[in-house]
Amino acid sequence: MRRLSRLTLLVLLSPIALSAQGNYLIDWEEVGEESINHLINLVRINTSNPPGNETEAAVYLQKALAAEDISSDLYALDPDRANLVARYKGNGSKRPILVMGHTDVVGVQAEKWTEEPFGGLRKDGWIYGRGTLDDKDNVTAGLMLMLLLHRHEVELDRDIIFLAESGEEGTPEVGINYMIDHHWDKIEAEFCLAEGGGNVLGDHGVEVVGIQTAEKTPRRATLIATGTAGHGSVPRLDNPITAIAKAVSRLGEWHTEMRLNSTTRAYFERLAAMSSEEDAWRYRNIENPEETEEIQQYFLESYPFHYSVLRSSIVPTIIDGGFRKNVIPSEASAMLDIRMLPDEDVDAFYDQMREIIDNPSIQVVPEAIYRPVSPTSPVDNEMFQVLETVASEMYPDATILPRMSTGATDMAQIRARGVPAYGIGAIRSVEELNSGNGAHGDNERVSEDSIKQLVEFIWYTILAIAASE
């Protein structure tokens, strides 16, 4: 196997890497700079969805791969919204690993940014721009993985498939759905690595490594109330605005059923081990019937994320009704952002909602489904164990937490096809997590160290799970 002529760092991180893959000599500072440059270039390609225009980013990736004689293919339902697939061939003795990232980003309100959203500014150890955290950091890591495997001629038992997909931000029909429905043979794998995780930086280094193993499923719905239009000076019992207000209030007061799954059970067990005595008591008594009501209320007031991961949630986001201040409208509506647990019975849940609303004149109209129900990925298989091992060796003082996202990713479609999927992500401090500079936020940014370590993390993980003896 080839060795670099200019070497400064011996890969001695993982015993797995040493026993299974030999010693790869990599200048990680040089690789880090290359990674940052690719990320900046990708950020400067405006792939806001809508309209997307992801083909430009896919072509950039294709050229970067082709420059080192790595072939790739573009697949597109819409010619402006291509998906890129590249494959590094192993010996085929084990099934492939899919490494996935999406090239589209959400739009911006440029006037609220202090930096140019698509400028890719590098300043004071940070890279600013839309997509630096969601998800062009993972796209960059996937690109660098393919380049490094090729440069070092790594012998693998598995093929490594790199998918840079379009349409994750709300239009999966051009991205993951298209690839699964029409080109599944190009991306079929035993395991998948993608977005959704993240590491928390403390005073003495990384304290938490979060690995996404499950996600709630979006099942939004609209409440519609109808009544008799009339003059605002004459009260009516069938005023649809009054009906909608009551319905939303009742749903807001409804504490849906709390339950744990394999991911959240492991999450709270491990979180308890690293928490204060008071918090640990709460995490360990979630299912204690004498304590759970108080604990749930505490989560709702102080840790709403914890409240959310324990149940299917309903959040009213838009109420619409009326067009003049002196007219009773004939219709009013409320949009509900409903996020269901992976094992929720969807129809039964909607029926429960109707019972809570207790007004048969109000329609509950589910939104068209664009993400399937997806199972929780195991936390006791080879892939998760490798992720734990690599995380423990890179960050020996960190707690590794399997986590369930309250939001949604394209891993839902992958999991629904029977492929366990695991989300990894950037390193951020608690202050950064609360700053508004995160994914979908104004002045989205990622640290240089974070992108460098993300590339290292995925490299070590792939060596550990796929390299030949």
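What to note about this one:
- In segment 367-378, the residues that are farther than 19 Å from PRO96 by Cα and either in contact (Cβ under 8 Å) with a residue 60 or more places away in the chain or within 16 Å of the chain's Cα centre (by Cα) (or both): GLU367, ILE369, TYR370, ARG371, PRO372, VAL373, SER374, PRO375, THR376
- Flag if ASP345 is farther than 30 Å from ASP238 by Cα, assigned by TED's automatic domain parsing to the domain that holds SER275 and not polar (S, T, N, Q): yes
- Restricting the search to helices (runs of 4 or more DSSP H) fully inside segment 343-456 and requiring at least 1 residues that are more than 22 Å from ASP134 (Cβ to Cβ) and hydroxyl-bearing (Ser, Thr, Tyr) gives 346-357, 382-394.
Conditions tested, residue by residue: (1) closer than 20 Å to TYR88 by Cα; (2) in a loop (DSSP other than H, G, I, E, B); (3) touching a residue at least 24 places away in the same chain (Cβ under 8 Å).
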position: TRP184; (1), (2), (3): yes, no, yes
position: LEU193; (1), (2), (3): yes, no, yes
position: GLY196; (1), (2), (3): no, yes, yes
position: LEU201; (1), (2), (3): no, no, yes
position: GLU207; (1), (2), (3): no, no, yes
position: GLY210; (1), (2), (3): no, no, yes
position: THR213; (1), (2), (3): no, no, yes
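- Segment 428-465 - residue that is at pLDDT 95 or above, farther than 18 Å from LEU121 by Cα and aliphatic (A, V, I, L, M) and, of those, surrounded by the fewest Cβ atoms within 10 Å (Cβ to Cβ): ILE458
- The residues listed here are ARG122, ARG151; of these, the one that is within 14 Å of LEU39 (Cα to Cα) and touching a residue at least 12 places away in the same chain (Cβ under 8 Å) is ARG122.
- Every pair of residues 6+ apart whose Cβ atoms lie under 7 Å, when the first sits in segment 45-64 and is closer than 12 Å to ASP80 by Cβ and touching a residue at least 60 places away in the same chain (Cβ under 8 Å) while the second is acidic (Asp, Glu) and surrounded by 17 or more Cβ atoms within 10 Å (Cβ to Cβ): THR47/GLU54; THR47/ASP104; ASN49/ASP104; ASN49/GLU169; GLY52/ASP104; GLU54/ASP104
- In segment 305-337, of all residues being exposed (fewer than 15 other Cβ atoms within 10 Å of the Cβ) and farther than 21 Å from ILE362 by Cα, the one that is nearest to the chain's Cα centre (by Cα) corresponds to PHE305.
- Meets criteria (surrounded by 21 or more Cβ atoms within 10 Å (Cβ to Cβ), of a type in the set (A, V, I, L, M, F, W, C), over 22 Å from MET383 (Cβ atoms) and in contact (Cβ under 8 Å) with a residue 60 or more places away in the chain) for ALA164: no
- Close pairs (6 angstrom Cβ cut-off, 6 or more residues apart or separate chains): acidic (Asp, Glu) in segment 325-349, loosely packed, with under 13 Cβ neighbours inside 10 Å and modelled with pLDDT of 95 or more anywhere: ASP337/THR317
- Restricting segment 183-220 to residues that are surrounded by fewer than 19 Cβ atoms within 10 Å (Cβ to Cβ) and small (Gly, Ala, Ser), the residue that is farthest from GLN363 (Cα to Cα) is GLY205.
- Subset of segment 40-88 that is under 29 Å from LYS123 (Cβ atoms) and of a type in the set (Lys, Arg) - its residue that is farthest from the chain's Cα centre (by Cα): LYS63
- Helices (runs of 4 or more DSSP H) wholly inside segment 5-107 that include at least 2 residues being modelled with pLDDT of 95 or more: 28-43, 54-66
- Flag if GLU382 is surrounded by fewer than 20 Cβ atoms within 10 Å (Cβ to Cβ) and not assigned by TED's automatic domain parsing to the domain that holds TRP254: yes
The values are calculated or read from the model by the stated rules, or taken from the named source; none is laboratory data. These numbers were taken from a predicted model, which means no experiment stands behind them. When we count neighbours, we look across all protein chains shown, and the Cβ atoms used for this are built from the backbone with ideal geometry, even at glycine.
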